[in-house]
Amino acid sequence: MSVLLSILFALAPLSFAQEETPLDLAIARAGSHASADFTGNGSTMKLTYTSKQPLHISVLLLKSDGSFVASETLAQVLDAGETKSAIIPLASSRGWRPGEAVYRLHILAEKGDEPRLLAVEFQKTGLMEYPKIAASQFLRAPEFTPSVYHRIPSRHVLGVSITTLAGLLLIFIACINRMRKGSIAAVTVATTLLLSTMTSIDVLRYSTAHLRSWFSRDTYGSAGSLYAAAEIIRSDNATGVLLCTDDTSYPEVILQYALYPIRVSDEKLSHIVVHRSVHSSFKENVVQCNDKHYPSSLVREFPDGTKIFRTTPSAS
Amino acid sequence: MLAVLWATGFSLSRLMLPHSSKLISASLALPFAGIANVMIVLFLDLLSIPLSPVAILLSLMIICIAAHIGAARSVTVEDDHVVQAYPMNVTFRILCAFILASALIYGFSHAVLLPTFHYDSATNWNMRSKIGFLEKRLPFDDAGGLIRKPHYPPLYHALQITAMQGQNDWREPIANGTHFLLTLSAFTAVYLIIRKLRGGNTALLTVALIIGIPLLTLHTGQSYADLTLVQTALLSLVFFLWWIESGTTRYLLLSSIFVGGCVLTKSEGIPFCFLPWTVMTLLQVRKQRLALVTVLRMLAPAALLSLLWISTVALKDVPLSPHGASDVLFGWNKGALSAIAQSLFSEGSFGVTWCAILLLLPFTMGTSNTLRVGLVWGAAASLGYVALYAFTDNAVYLLSGQSFDRQMLLPASLFILSIGLSLSNLVNPGNGN
């Protein structure tokens, strides 16, 4: 099944989204943005386009009610060129399932570009591809987020929850072995241990990733460089810290915990932390956060884009 | 200060369990210390004495010395009775060992090497401890909006405050590392006691099945008190089962102490630990026809520790329940039951744990009275939580995926402990049943 479409972009000057930036922040930062929904059936999406600059693409898998799961979003940067083709591997999303689905395509471009999307085509999944897709989905660990202590999302393979599948299998085995308690118990325990082993492998992967990023880049998952920033601020005789962010309340909570007894507030202001902020800038030694301006000097910038500023006396 | 805590706990352990091996006593040191410590901190706070190193150290030393003297006077003939272990498939043993080793690595790396990560830790748990340590008090106020739930029972916080004494500043590795050691100790104790009851293979399998619950594995990274509650409840239940099988009422006393510890750990300690435990105990006591005086003596620690917390809450004028009025606003919540089913059987927090529990329960109930009685607590807690989320305004936390899964770790773990003791004679290569 294929869909033909042309899209023209209005252009505006701004910087581009960084890797791992949440989609809403990336859209807010982009020079221009367009989106459209496509319905199709296939494990890959072929885009034919023309663009003078690289294009940032995000593909959201929409549910029947129009919502989507952020961790199932695909992001890709397409090379610039004339009548170029790019393949978006839809099945690499943890939420992909066989059958017709609605995909929302977000395209982000820079100022000066007039990209054209010439065609969107869904490519059918070959029968031999299904095992490979299933394996790659199975091997993906759930995302480690601040909310993972509340609930761990299930692994889905070809749209089916592994947990549900394993549970149904257990019940089936129990039914066919109903007189043999030992067999049922052994299979039940074995299945439970195997699924627990999957979690064990996941936590080892989390440990490796978190320790590596912490010790090499001073970042830790969603907390980014906030702890490293707090340590520098505390040693810099801070009296009050302003957090400039467009993220959720999570960065503020973590920063406040790390800084206490120094308060995150604009009272007795001595430092500013800019973290995942769209509506901020730093020009001519002035930090602009939303609609307020603070004369400041840059103290440190971290690999994840977090910046610490020290306010000059007139800002306090 | 950690050493003083441990020494105090060890002395208490030797006093309470003179016939147990030093290994069991050592593993119970921190769990006992946690309960003694929270009582100290509560009393100091109620007497308006600042939580200074001197005050806490002095209090711990008094308890440590008194317990040591008491333990020294007891006749200590070590019970070195060995239970013949049920055989277990090598593959199962390897999987169990892998699960435990992974949890150990993950727990150590996230509790000791990495800082606090999760949202509620920075607003409820570690934040309250940090403020308490720096201000030398146990906060029951919101500290200017920094503590979201200042009315929670303080065993978790008290342990961190005490462990930090002597430090100039808050240290993440000490704060979370203390609870990591507590978890290690508690599960080691559970393992050693099950080993005495059923042998090493059963102990390994049971502990691995509990720690292998996916969400519980993640909680070994510490900074939430759900795991603290689970491990304290497991200690209570394992002593309860040890009492039934051995007839030694001292173990019931210990079970009582640890269920009191649950009340001092989280708000659900009263409705989902103390009450079911009391029912479970009374059912068994009735069968054994124990003297009333004995029964009251055994129930006393649980009752007194619960009363201590209720009195504190009354004096401080804070709510007893975690969510206030929403805990008692009854009504049918459409969609709650399907959300509960999805959480237990379809999402990733439990894997196939609940499915396995339901499949294995009939076998456990057919094996022995000991294990049947032990299921009462898990059953009461499960039904209680399901009712709480299906029939009160707490449904909002279920539908938003917030607290339900964490709270169901308690009954899941309790069920696995009871079922685990009966598994070994089922999961046996030679068993033709």
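Which pairs break 30 Å Cα to Cα here: B:Lys22/B:Lys130; B:Lys130/B:Lys334; B:Lys130/B:Lys316; A:Lys268/A:Lys307; A:Lys63/B:Lys266?
Values: B:Lys22/B:Lys130 34 Å; B:Lys130/B:Lys334 40 Å; B:Lys130/B:Lys316 20 Å; A:Lys268/A:Lys307 19 Å; A:Lys63/B:Lys266 38 Å.
Those over the limit are B:Lys22/B:Lys130; B:Lys130/B:Lys334; A:Lys63/B:Lys266.
Given labels modelled 7 Å from the Cα in the Cβ direction, how far is it in nm from A:Leu165 to B:Leu283?
3.8
State log₁₀ I(q)/I(0) for segment A:180-284 at q = 0.11, 0.14, 0.21 Å⁻¹ as given by the Debye formula over alpha-carbon point scatterers of equal weight, solvent excluded.
Cα-only, vacuum Debye calculation for segment A:180-284: -0.51, -0.67, -1.09.
Can you show me the helix-derived [θ] at 222 nm for chain A, built from DSSP H runs with n ≥ 4 at -39,500 (n - 2.57) apiece and divided by the number of residues, rounded to the nearest 500.
On the way: 6 runs with 89 residues, N = 316.
Computed mean residue ellipticity for chain A: -9000 deg cm²/dmol.
Return the percentage of antiparallel bridges among DSSP beta bridges fully within the protein assembly as shown, rounded to the nearest 5 %. If you can, show how the numbers build up before the last one.
On the way: 58 of 64 bridges.
Of the beta bridges lying entirely in the protein assembly as shown, close to 90 percent run antiparallel.
Less than 19 Å from a label point 7 Å out along the Cα-to-Cβ axis of A:Asp65: which backbone N atoms in segment B:337-351 qualify, by residue?
B:337-348
For segment B:186-220, state which residues have at least 50 Å² less accessible area in the presence of all protein chains than in their chain by itself, taking the probe as 1.4 Å and leaving out ligands, DNA and RNA.
With the partner chains in place, segment B:186-220 has these residues losing at least 50 Å²: B:Leu209, B:Leu218.
Roughly how crowded by other chains is peptide A:152-161, in terms of the mean Cβ count from those chains within 10 Å of each of its Cβ atoms?
3
Counting protein heavy atoms only and a 1.4 angstrom probe, how many square angstrom of accessible surface do chains A and B bury in total, to the nearest 100?
Numbers: alone 18270 and 17910 Å², together 30410 Å².
Using a 1.4 Å probe, the pair buries roughly 5800 Å².
Just add up the charged neighbours of B:Cys273: K/R +1, D/E -1, any other residue whose Cβ is under 14 Å from the Cβ of B:Cys273. Can you show the working numbers first?
On the way: positive: B:Lys266; negative: B:Asp226, B:Glu268.
With Lys, Arg at +1 and Asp, Glu at -1, the neighbours total -1.
Return the average number of partner chain Cβ atoms within 10 angstrom of each residue Cβ along peptide B:339-350. Don't skip to the end; give the middle numbers.
Values: counts 0, 0, 0, 4, 1, 2, 7, 8, 8, 15, 8, 6.
Taking the mean over all residues of the peptide, I get 5.
Convex hull over the alpha-carbon atoms of segment A:141-217: what's its volume per residue in Å³?
Details: hull volume 8.0 nm³, N = 77.
In segment A:141-217, the Cα convex hull volume per residue is 104 Å³.
Can you find, among A:Ser136, A:Leu255, B:Thr162, the residue sitting farthest towards the positive end of the charge dipole of the protein assembly as shown, where Lys and Arg contribute +1 and Asp and Glu -1 at Cβ?
The residue sitting farthest along the positive end of the dipole is B:Thr162.
Trypsin sites (Lys or Arg not before Pro), restricted to segment A:255-316: which are DSSP loop and have at most 14 other Cβ atoms within 10 Å?
Numbers: sites: A:Arg263, A:Lys268, A:Arg276, A:Lys283, A:Lys292, A:Arg300, A:Lys307, A:Arg310; in loops: A:Lys268, A:Arg276.
In loop regions of segment A:255-316 (DSSP not H, G, I, E or B), the sparsely surrounded trypsin sites (Lys or Arg not before Pro) are A:Lys268.
Using only DSSP helix segments of four residues or longer, with each worth -39500 (n - 2.57), what per-residue ellipticity at 222 nm results for chain B after dividing by its residue count and rounding to 500?
Result for chain B: -22500 deg cm²/dmol, rounded to the nearest 500.
Could you tell me which Cys residues in the protein assembly as shown have no other cysteine's Cβ under 4.7 Å from their own Cβ, answering none if every one has a partner?
For the protein assembly as shown, the answer is A:Cys175, B:Cys64, B:Cys96, B:Cys355, because their Cβ atoms have no other cysteine Cβ under 4.7 Å.
Which whole-number percentage describes the relative contact order of segment B:115-160, with Cα contacts under 8 Å and a sequence gap of 6 or more? Intermediate values should be presented prior to the final figure.
Details: 37 pairs, mean separation 17.4, N = 46.
Rounded, it is 38 percent for segment B:115-160.
Using Cα centres only, tell me the gap between segment A:95-111 and segment A:208-256 in whole Å.
Cα centroid of segment A:95-111 versus Cα centroid of segment A:208-256: 32 Å apart.
Each residue of segment B:299-307 in order: what ³J(HN,Hα) in whole Hz does its phi give by Karplus 6.51 cos²θ - 1.76 cosθ + 1.60, θ = phi - 60°, with x for Gly and Pro?
6, 4, x, 4, 5, 5, 5, 5, 5
Over chain A, with a Gaussian network built from C-alpha contacts below 10 Å, which listed residue (A:Val77, A:Val273, A:Val148) shows the highest mean-square fluctuation?
A:Val148
Please list, in order along segment A:154-159, the HN-Hα scalar couplings obtained from phi with the Karplus expression 6.51 cos²θ - 1.76 cosθ + 1.60 (θ = phi - 60°), rounded to whole Hz, x for Gly and Pro.
With the stated coefficients, segment A:154-159 comes to 6, 6, 10, 10, 6, x Hz.
Note down the nm distance, to one decimal, between modelled labels 7 Å out along Cα→Cβ at A:Arg205 and at A:Val286.
4.8
Where does chain A land on Rg(C-alpha)/(2.2 N^0.38 Å)? All intermediate terms of the calculation are to be shown ahead of the outcome.
Values: Rg = 24.2 Å, N = 316, 2.2 N^0.38 = 19.6 Å.
That ratio works out to 1.23.
Among residues other than B:Gln407 whose Cβ falls under 11 Å from its Cβ, what is the net charge (Lys/Arg +1, Asp/Glu -1)? If you can, show how the numbers build up before the last one.
Working: positive: B:Lys266, B:Arg406; negative: B:Asp226, B:Glu268, B:Asp405.
Net charge in that neighbourhood comes out at -1.
Could you go through segment B:408-415 in sequence order and give the Karplus-derived ³J(HN,Hα) for each residue, using 6.51 cos²θ - 1.76 cosθ + 1.60 with θ = phi - 60°, rounded to whole Hz, and x for Gly and Pro?
Couplings: 6, 5, 5, x, 4, 5, 5, 4 Hz.
What spacing in nm lies between the two simple spin-label points modelled at B:Ser48 and A:Thr48, each 7 Å away from Cα in the Cβ direction?
Result for the modelled spin labels: 8.3 nm.
Using the heavy atoms of the protein chains alone and a 1.4 angstrom probe, what is the accessible area of chain A per residue in square angstrom? Numbers along the way, then the final one.
Details: 15340 Å² over 316 residues.
Using a 1.4 Å probe on heavy atoms only, each residue of chain A averages 49 Å².
The values are calculated or read from the model by the stated rules, or taken from the named source; none is laboratory data. Keep in mind that this is a model prediction, so the values were computed, not measured. Note: ideal-geometry Cβ built from the backbone for every residue, glycine included; neighbour counts use all protein chains shown. Only protein heavy atoms, including side chains, enter the accessible area calculation; ligands, DNA and RNA are left aside. Shrake-Rupley method; radii C 1.70, N 1.55, O 1.52, S 1.80 Å.
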